[in-house]
Protein chains: 2
Amino acid sequence: MNATPRWLNPDEKAAWDSFIRMQETLIGRLSRRVQADSGMSASDFIVLANLTETGGGRMRFLDLAKLVEWEKSRMSHQVTRMAKRGLVTREECPDDGRGAFIVATPAGYKAIEEAAPKNVEHVRRLLIDALTPEELSTLGQISKRVLEHMEEQPE
Amino acid sequence: MNATPRWLNPDEKAAWDSFIRMQETLIGRLSRRVQADSGMSASDFIVLANLTETGGGRMRFLDLAKLVEWEKSRMSHQVTRMAKRGLVTREECPDDGRGAFIVATPAGYKAIEEAAPKNVEHVRRLLIDALTPEELSTLGQISKRVLEHMEEQPE
């Protein structure tokens with residue numbers, strides 16, 4: 001990339017700085033709260049929430065990695081850690097070549113069922129209560145626009 | 001927390017899901033790009049960018065931790081890793097009790113000066129180009145509102 005970098009102009013930079021700082025602060029606080037409230041890491045929470053809510057408690061490894069937008073290696077390490085602690089199990093499918101299922105255990109269900117109500121209170125307190133319903137809706141629409149745009153972009 | 005959880009209503013949930021998925025995807029992609037383009041982790045990039053841009057290349061450890069919204073332990077591990085690789089040094093100040101300075105080395109400056117132009121191109125490509133200037137400005141304003149709200153909230 002030898003061309004002059006297209007640095008952000010002052011308006012773009014102000015918006016980007018506010019956004020990046022907001023998401024870092026919000027995600028940092030929510031992560032520390034999950035840890036303090038339930039002893040789970042944010043990654044444990046994300047995996048269990050997606051696995052139980054979207055996947056009905058049982059999903060192909062690759063589908064789960066795609067759902068939470070993680071690389072395979074990250075998901076693989078995470079699943080190993082969670083399996084050791086009894087939150088999920090890995091069901092191998094040697095026959096069909098499409099990879100293992102990840103399954104939430106009863107202990108995994110219990111953990112997410114205890115953590116989720118506390119998490120939603122923090123999401124309300126830190127984000128939802130900060131905005132009017134219209135502002136929240138606008139944030140959702142802008143996020144969706146960016147997501148759709150990113151899907152068309154190379155990695 | 002024994003009261004009935006105030007689960008998100010469908011509009012709130014749609015907005016929250018879009019936002020969380022967008023920021024996870026965006027931050028994940030930018031992190032992988034920094035790694036691929038420059039061999040730095042996202043954390044290396046964040047520390048060097050803030051240290052050189054806001055701190056003039058030299059900041060108190062605690063001020064730097066506060067600036068990037070990290071806990072002391074996370075910053076401490078990160079600085080140790082970066083010092084080993086020669087990107088920063090730690091200048092102890094035994095006299096004033098206010099803790100060490102973290103200083104960007106010439107190698108640290110070189111690393112961030114090479115990485116930053118590439119990073120800004122990815123920020124443009126993935127986020128800024130997805131939105132009109134008005135939408136970007138709205139995202140910035142909403143982010144600022146949430147940040148100000150969080151500052152008044154307990155951790």
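The values are calculated or read from the model by the stated rules, or taken from the named source; none is laboratory data. Small disclaimer: the values here were computed from a predicted structure and weren't measured. Using ideal geometry, Cβ is built from the backbone for each residue, glycine included, and neighbour counts are taken over all protein chains shown. In case anyone asks, the SASA skips ligands and DNA or RNA and just uses the protein heavy atoms, side chains included. Shrake-Rupley method; radii C 1.70, N 1.55, O 1.52, S 1.80 Å.
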Cα Rg, Dmax, region B:38-152, angstrom units: 16.3, 52
Carbon/sulfur fraction of accessible area - the protein assembly as shown, other protein chains in place, 1.4 Å, %: 52 percent
Straight-distance crosslink candidates among lysines, where the alpha carbon sits under 23 Å from residue A:118 and sequence neighbours closer than 8 are dropped: A:110, B:13
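If you count only protein heavy atoms with a 1.4 Å probe, what accessible area per residue comes out for chain A, rounded to a whole Å²?
So chain A comes to 53 Å² accessible per residue, rounded to a whole number.
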Highest-MSF residue in chain B out of B:23, B:35, B:78 [GNM, Cα springs under 10 Å]: B:23
Neighbouring partner chain Cβ atoms per residue of B:5-11, average, 10 Å criterion: 4
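Only Cα pairs under 8 Å and at least 6 apart count here; give the relative contact order of chain B as a rounded whole percent. Spell out each step's value before the answer.
On the way: 113 pairs, mean separation 32.9, N = 155.
In percent, rounded to a whole number, it is 21.
Please give the average number of partner chain Cβ atoms lying within 10 Å of the Cβ of each residue in A:134-141, rounded to a whole number. Intermediate values should be presented prior to the final figure.
On the way: counts 0, 6, 9, 4, 6, 11, 10, 5.
Mean number of neighbouring Cβ atoms from other chains: 6.
May I ask for the accessible area buried between chains A and B, both sides summed, probe 1.4 Å, to the nearest 100 Å²?
Working: alone 11460 and 11450 Å², together 16270 Å².
The summed interface area works out to 6600 Å².
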Rounded tilt (10° steps) of B:72-84 against the dominant C-alpha axis of chain B: 50 degrees
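Just from its helices, what would the mean residue ellipticity at 222 nm be for the protein assembly as shown, if runs of 4 or more DSSP H residues each count -39500 (n - 2.57) and the sum is divided by every residue, rounded to the nearest 500 deg cm²/dmol?
Values: 12 runs with 204 residues, N = 310.
The helix contribution divided over the protein assembly as shown gives -22000 deg cm²/dmol.
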Acute angle (nearest 10 degrees) that the helix A:133-152 long axis makes with the longest principal axis of chain A, alpha-carbon atoms: 80 degrees
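Looking at the protein assembly as shown from every direction and averaging, what is the projected area of its Cα convex hull in nm²? Display every interim value, and only then the final one.
Working: hull surface 75.0 nm².
Averaged projected area of the protein assembly as shown's Cα convex hull equals 18.7 nm².
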Gaussian network model of chain B, springs between alpha carbon atoms under 10 Å - residue of B:76, B:38, B:137 with greatest fluctuation: B:137
Whole-Hz ³J(HN,Hα) from phi, Karplus 6.51 cos²θ - 1.76 cosθ + 1.60, for region A:55-71, glycine and proline x: x, x, x, 8, 9, 4, 3, 5, 5, 5, 4, 5, 4, 9, 6, 10, 6
Qualifying trypsin sites (Lys or Arg not before Pro) in region A:53-155, DSSP loop, other Cβ atoms within 10 Å at most 11: A:98
Using alpha-carbon coordinates, inclination of helix A:10-38 to the longest axis of chain A, degrees: 30 degrees
